[in-house]
Amino acid sequence: MSVRLTGYVKYYKFLISNFGHADCKGCLYLAKILDKYEPDKSLQEIYQEYSAQTNSTAFAIARNVRTYIDLIMKDNTVEDISKLLDYQFKPGVDHLTQSELIPAIKFAIDYSDNELE
């Protein structure tokens, strides 16, 4: 019997399963940002909304997410991440930004082959 994960938990599971560093606050923050992400909203708006719920600032949320992405990039190449997400990033890029990585992860998780069945 498999349990269908919902909300930020499915993103958190994906992140810690594929990239580790569950001890980094940015991992949890990124999972929650992925849950709220919509292509027609700016990341700054999403950070603002989330910061209001956490008694933090949008800057602190973004900084923690950036720190987590830096850890991901320290352990993986853009090519590794591209294969994992089945998404081709811009050629010649050796470090991914929040604005590049967040939509790619969101799409890979929400529209993976398993989710489409």
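The values are calculated or read from the model by the stated rules, or taken from the named source; none is laboratory data. All of these numbers come straight from a predicted model, not from anything done at the bench. We place every Cβ from the backbone using ideal geometry, glycine too, and count neighbours over all the protein chains shown. Note: areas computed on protein heavy atoms with side chains; ligands, DNA, RNA excluded. Shrake-Rupley method; radii C 1.70, N 1.55, O 1.52, S 1.80 Å.
Over the stretch 20-94, what relative contact order in percent results from Cα pairs under 8 Å that are six or more residues apart?
30 percent
Determine the gain in length on full extension of the stretch residue 95-residue 52; use 0.36 nm per residue of separation and subtract their C-alpha separation, reporting nm with one decimal.
12.6 nm
Counting helices only, and only those DSSP H runs with n ≥ 4, report the 222 nm mean residue ellipticity of the chain as the sum of -39,500 (n - 2.57) divided by its residues, in deg cm²/dmol to the nearest 500.
-20500 deg cm²/dmol
Within the chain, which is the longest segment containing none of the trypsin sites (Lys or Arg not before Pro) that sit in a DSSP loop and have at most 13 other Cβ atoms within 10 Å?
The longest such stretch corresponds to 42-117.
What shape does the stretch 56-108 have by the C-alpha gyration tensor, where a ≥ b ≥ c are the square roots of the eigenvalues, rounded means a/c under 1.5, and otherwise prolate means a/b greater than b/c and oblate the rest?
Prolate.
What full-extension length gain, to one decimal in nm, is calculated for residue 38 and residue 16 as 0.36 nm per residue of separation minus the Cα-Cα distance?
5.7 nm
Would you calculate the separation in nanometres between label points at residue 80 and residue 110, each defined as 7 Å from the Cα along the Cα-to-beta-carbon direction?
With each label placed 7 Å out from Cα toward Cβ, I get 2.7 nm.
Rounded to a whole number, what % of the accessible area of the chain do carbon and sulfur atoms account for, probe 1.4 Å?
50 percent
Over the chain, give the accessible area per residue in Å² for a 1.4 Å probe, as an integer.
62 Å²
Of the listed values (1) 2, 11, 18, 17, 13, 10, 9, 8, 6, 4, 2, 1, 0; (2) 2, 11, 22, 25, 21, 13, 5, 1, 0; (3) 2, 11, 20, 20, 14, 10, 8, 5, 3, 3, 2, 1, 1, 0, identify the label whose number matches P(r) over Cα pairs in 5 Å bins from 0, in percent calculated from this model.
Recomputing P(r) over Cα pairs in 5 Å bins from 0, in percent here gives the entry labelled (2).
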